[in-house]
1. For residue A:73, all conditions in the list (1) within 14 Å of chain B (Cβ to nearest Cβ); (2) surrounded by fewer than 19 Cβ atoms within 10 Å (Cβ to Cβ) hold save one; what is the number of the exception?
2. Does residue B:19 fit the bill of being more than 9 Å from every other protein chain (Cβ to nearest Cβ), in a loop (DSSP other than H, G, I, E, B) and closer than 25 Å to residue B:102 by Cβ?
3. Which ones in the range A:40-61 are exposed (fewer than 14 other Cβ atoms within 10 Å of the Cβ), in a helix (DSSP H, G or I) and within 10 Å of chain B (Cβ to nearest Cβ)?
4. Restricting the first residue to the range A:44-63 and requiring it to be farther than 17 Å from residue A:124 by Cα, which pairs with a second residue that is assigned to a loop (DSSP other than H, G, I, E, B) and at pLDDT 95 or above meet a Cβ separation below 9 Å and a spacing of at least six or different chains?
5. In the range B:106-137, what residues are in a strand (DSSP E or B), more than 8 Å from chain A (Cβ to nearest Cβ) and at pLDDT below 95?
6. Return the residues of the range A:12-35 that are closer than 17 Å to residue A:79 by Cα and crowded, with 17+ Cβ neighbours inside 10 Å; say none if nothing qualifies.
7. Would you check if there is a residue in the range A:44-53 being closer than 21 Å to residue B:86 by Cβ and in contact with a helix residue (DSSP H, G or I) (Cβ under 9 Å, 6 or more places away or on another chain)?
8. Checking residue A:90 against (1) more than 14 Å from chain B (Cβ to nearest Cβ); (2) without any contact (Cβ under 8 Å) to a residue 60 or more places away in the chain; (3) assigned to a helix (DSSP H, G or I), which single condition isn't satisfied?
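The values are calculated or read from the model by the stated rules, or taken from the named source; none is laboratory data. Owing to the predicted nature of the structure, the values given are computational and were not obtained by experimental measurement. Here the Cβ is made from the backbone with ideal geometry for all residues, glycine too, and neighbour counts use every protein chain on show.
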């Protein structure tokens with residue numbers, strides 16, 4: 001069960017790395033109740049708004065790669081919560097060839113099981129701006 | 001049912017506004033699986049780490065007030081997801097009397113029902129850094 005959720009979570013990041021909007025659409029639950037926060041973005045709600053954001057992001061991302069850390073999976077009945085760190089290597093259109101930016105994001109991914117499949121219900125990513133204990137230095 | 005979840009969510013923010021650590025401790029599920037992301041922070045996991053962060057934040061916050069926007073509650077069995085915007089008015093110790101800072105955060109709050117009570121299982125807050133459509137301007 002936990003392995004199935006881990007696989008669904010991995011497919012979410014694989015679909016993003018592949019910049020494949022159809023794969024990304026299949027990751028998400030087919031439900032108007034889904035919501036998504038891209039790191040630094042406002043809350044997006046509903047399948048139309050969420051998928052439009054992925055189309056926009058993929059169109060502006062020539063390359064992205066994730067290394068996940070501290071992946072924790074909690075399965076509770078038909079719901080599963082995955083929390084993880086996303087260590088991101090990316091390029092954007094404006095940076096020109098060869099330039100890569102790196103970033104650190106923490107993510108909460110909530111999956112629900114429907115018809116035996118784990119589908120993404122909510123993604124909340126946020127930039128890590130403070131390290132604990134650094135704020136007084 | 002939705003009203004009970006809304007009340008639990010309101011109590012989370014009321015406990016923070018009251019800077020009352022005991023009330024905050026009662027809001028959270030008594031479970032090692034809880035996790036919390038304060039806006040801009042890394043992921044904190046487990047009751048000890050989460051409650052230590054609240055003690056630290058409350059000790060450094062002389063005043064904080066929330067106006068919540070777009071509160072959406074979804075109840076699914078023993079789980080409930082609340083998403084909302086937090087419009088924050090705050091002061092910190094270093095700013096001196098009379099200075100207030102304002103900020104905009106989006107939050108995901110996941111509640112679970114145990115013994116008839118809705119308790120907070122996961123809080124994920126993140127700063128809103130980009131407004132959609134502004135990135136090309």
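1. Of everything listed in (1) within 14 Å of chain B (Cβ to nearest Cβ); (2) surrounded by fewer than 19 Cβ atoms within 10 Å (Cβ to Cβ), residue A:73 misses just condition (2).
2. Yes.
3. A:52
4. Listed pairs, sorted by first residue: A:58/A:19; A:58/A:20; A:59/A:19; A:61/A:19; A:62/A:19; A:63/A:19.
5. B:114
6. Those that are closer than 17 Å to residue A:79 by Cα and crowded, with 17+ Cβ neighbours inside 10 Å: A:12, A:27, A:28, A:29, A:34, A:35.
7. yes
8. (3)
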